[in-house]
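Trainee: Structure in structure tokens, see below.
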Amino acid sequence: MRESGVAFFSSLTLHSLAMAFVVGINFAVALRLIGFAPRLEISALSRFYVIHWYAAAAIFISGAALLLAYPAKALTNPLFYVKLCAVVIGLLISKRIQNTFSNKPEVSIDSVSIKLAYLSIALWLITLTAGRFLAYTHSILLASRFY
Ligand code: HEM
């Protein structure tokens with residue numbers, strides 16, 4: 001993974017493309033829940049969750065590949081754990097919102113969903129920022145010749 005530029009950069013490219021879908025779809029749903037585009041049916045937006053979960057799988061696969069390239073670099077960086085916690089909580093909120101609104105046009109937006117929407121936006125901003133700064137905040141690059 002480290003020696004082959006193609007392997008590393010195709011993983012980084014897949015990581016970036018997949019996060020565009022994951023973060024993009026969660027932002028669109030959250031913005032609708034907090035009141036943007038009120039004429040847009042929230043249940044209609046829920047149809048994008050199918051793409052969302054495929055992209056989430058792709059982001060874990062590409063993330064694991066990037067981790068394999070420089071395991072010590074990420075695993076010794078506290079920012080990596082902040083990012084992973086934000087990702088997991090963010091995806092749990094996605095699942096909760098999907099279960100609440102998917103194929104249920106009759107369900108109205110309650111205050112809990114609005115609070116979850118604001119939390120979701122904050123978590124994905126944390127994830128993106130932490131992900132980007134991983135490259136600059138590491139204390140070691142390699143722990144040995146191999147990893
Ligand atoms: C939706 C979830 C995620 C988002 C939004 C995200 C975001 C990012 C961003 C913005 C970068 C910087 C890319 C660049 O340098 O151009 C990055 C790099 C990285 N991500 Fe993620 N990521 C996510 C999930 C994951 C997961 C689940 C893992 C691990 C299993 C992971 C591991 C990594 C690693 C190892 C890097 C490379 C850091 C470096 O440059 O050393 N990411 N991520």
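The values are calculated or read from the model by the stated rules, or taken from the named source; none is laboratory data. Keep in mind that what you see is a predicted model, and the values were worked out from it rather than measured. Cβ atoms come from the backbone with ideal geometry, glycine included; neighbour counts cover every protein chain shown. These area figures cover heavy atoms from the full protein model, side chains too; ligands, DNA and RNA do not enter into them. Shrake-Rupley method; radii C 1.70, N 1.55, O 1.52, S 1.80 Å.
Trainee: Let me check against my output: what whole-number percent is the relative contact order of region 5-146, with C-alpha pairs under 8 Å and at least 6 apart?
Mentor: Working: 130 pairs, mean separation 51.2, N = 142.
Normalised by residue count, the contact order of region 5-146 is 36 percent.
Trainee: Also: Report the Stokes-Einstein translational diffusion coefficient (µm² s⁻¹, integer) for region 1-44, Rh taken as the Kirkwood radius over Cα pairs, at 37 °C with viscosity 0.692 mPa s.
Mentor: 262
Trainee: Next question, about the same structure. Roughly speaking, to the nearest percent, how much of region 29-147's 1.4 Å accessible area is carbon and sulfur?
Mentor: Carbon-and-sulfur percentage of accessible area, whole number: 72.
Trainee: Can you find, among Leu128, Phe21, Ile97, the residue farthest towards the positive end of the dipole of region 5-146? Put +1 on the C-beta of Lys and Arg, -1 on that of Asp and Glu.
Mentor: Working it through, the farthest residue towards the positive pole turns out to be Leu128.
Trainee: Could you list the chymotrypsin sites (Phe, Trp or Tyr not before Pro) in region 1-85 that lie in coil according to DSSP, counting only those with at most 14 other Cβ atoms within 10 Å of their Cβ?
Mentor: Qualifying residues, ordered by number: Phe36.
Trainee: Compute, for the chain, the length of the dipole vector about the Cα centre, with Cβ point charges of +1 (Lys, Arg) and -1 (Asp, Glu) only. Units Debye, rounded to 20.
Mentor: Computed about the Cα centre, the dipole is about 120 debye.
Trainee: Leaving out ligands and nucleic acids, and using a 1.4 Å probe, what accessible area per residue does the chain come to in Å²?
Mentor: Details: 8570 Å² over 147 residues.
I get 58 Å² per residue for this part.
Trainee: Using a Förster distance of 22 Å, how high is the FRET efficiency between Ile51 and Ser102, based on the Cβ-Cβ distance and rounded to 0.05?
Mentor: 0.95
Trainee: How large is log10 I(q)/I(0) at q = 0.21, 0.22, 0.33 Å⁻¹ when the Debye formula is applied to the Cα atoms of region 30-78, each weighted equally and without solvent?
Mentor: Cα-only, vacuum Debye calculation for region 30-78: -0.76, -0.78, -1.10.
Trainee: Leaving ligands, DNA and RNA out of it, rank Lys95, Lys115 by accessible area with a 1.4 Å probe, largest first.
Mentor: If we order Lys95, Lys115 from most to least accessible, we get Lys115, Lys95.
Trainee: Now, a different point. Taking R0 as 35 Å, what's the FRET efficiency between Ala37 and Leu67 from their Cβ-Cβ distance, rounded to 0.05?
Mentor: My answer for the efficiency is 0.40.
Trainee: Give, in whole angstrom and from largest to smallest, the semi-axes √(5λ) of the equivalent ellipsoid of the chain, with λ running over the eigenvalues of the Cα gyration tensor.
Mentor: After scaling each eigenvalue by five and taking roots: 34, 15, 11 Å.
Trainee: Which three lengths, in whole Å and largest first, does region 46-131 cover when its Cα atoms are put on their principal axes?
Mentor: Result, largest extent first: 49, 23, 14 Å.
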